[in-house]
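Undergrad: Below are the structure tokens for one structure; questions will follow.
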Amino acid sequence: MSSIPLHLHSDIDASVSCSHCDAVCCRLTVVVMPEDQVPRHLVERNEHGVEVMAHGEDGWCVAIDPLRMCCSIYDQRPGICRKFAMGSEYCVDEREIYRNRYT
């Protein structure tokens, strides 16, 4: 998801793969910044009045295409999603939190 090539990330765990994940990052709160070009019908305000990507009743980001299990607005995804690097420390930590909570 990052625009920086994986080989330039020094803290990337190469054993982590999106194809072997429960899409934990697609369940996180994603703040939509003013410069993001996200389709407005996919954005909502949270309890603090901050614009975030909406989530469905199942907890998944509404931009996820459930049939293909990928982002349906990939070219328009928020900057935060663009910076989220597969296998980064944050990714690995969130996967561990999810595993401890739901398994």
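The values are calculated or read from the model by the stated rules, or taken from the named source; none is laboratory data. Just so it is clear, the model here is predicted, and its values are computed rather than measured. Backbone-built Cβ (ideal geometry, glycine too); neighbour counts: all protein chains shown.
Undergrad: Mind telling me which of the residues 43, 52, 30 ends up being under 21 Å from residue 75 (Cβ atoms), surrounded by 15 or more Cβ atoms within 10 Å (Cβ to Cβ) and in contact with a Pro (Cβ under 6 Å, 6 or more places away or on another chain)? Walk me through it before giving the result.
TA: Working: 43 fails: in contact with a Pro (Cβ under 6 Å, 6 or more places away or on another chain); 52 fails: in contact with a Pro (Cβ under 6 Å, 6 or more places away or on another chain).
That would be 30, the only listed residue that is under 21 Å from residue 75 (Cβ atoms), surrounded by 15 or more Cβ atoms within 10 Å (Cβ to Cβ) and in contact with a Pro (Cβ under 6 Å, 6 or more places away or on another chain).
Undergrad: Continuing with this model, one more query. Given the criterion modelled with pLDDT under 85 and over 14 Å from residue 30 (Cβ atoms), identify the matching residue among 89, 57.
TA: Values: 57 fails: modelled with pLDDT under 85.
Only one candidate passes the filter, namely 89.
Undergrad: What about residue 41, is it at negative phi, at pLDDT below 95 and not small (Gly, Ala, Ser)?
TA: no
Undergrad: Got a number for residues in region 72-86 being under 10 Å from the mean Cα position of the chain (by Cα) and either among the acidic types (Asp, Glu) or closer than 12 Å to residue 27 by Cα (or both)?
TA: Here the count works out to 1.
Undergrad: Scan region 55-103 residue by residue and report those that are aliphatic (A, V, I, L, M), surrounded by 12 or more Cβ atoms within 10 Å (Cβ to Cβ) and free of Cβ contacts under 8 Å to residues at least 40 places away in the same chain.
TA: 62, 63, 73
Undergrad: Restricting to region 48-103, name every residue that is outside any loop (DSSP other than H, G, I, E, B) and in contact with a His (Cβ under 9 Å, 6 or more places away or on another chain). Before the answer, list the steps.
TA: Within region 48-103, the subset outside any loop (DSSP other than H, G, I, E, B) is 51-53, 55, 61, 64-65, 70-71, 74-76, 79-83, 89-102.
Matches in region 48-103: 61 only.
Undergrad: Identify, from the list 16, 24, 52, the residue that is of a type in the set (A, V, I, L, M, F, W, C) and at pLDDT 75 or above. Give the derivation first.
TA: Working: 16 fails: at pLDDT 75 or above; 24 fails: at pLDDT 75 or above.
That would be 52, the only listed residue that is of a type in the set (A, V, I, L, M, F, W, C) and at pLDDT 75 or above.
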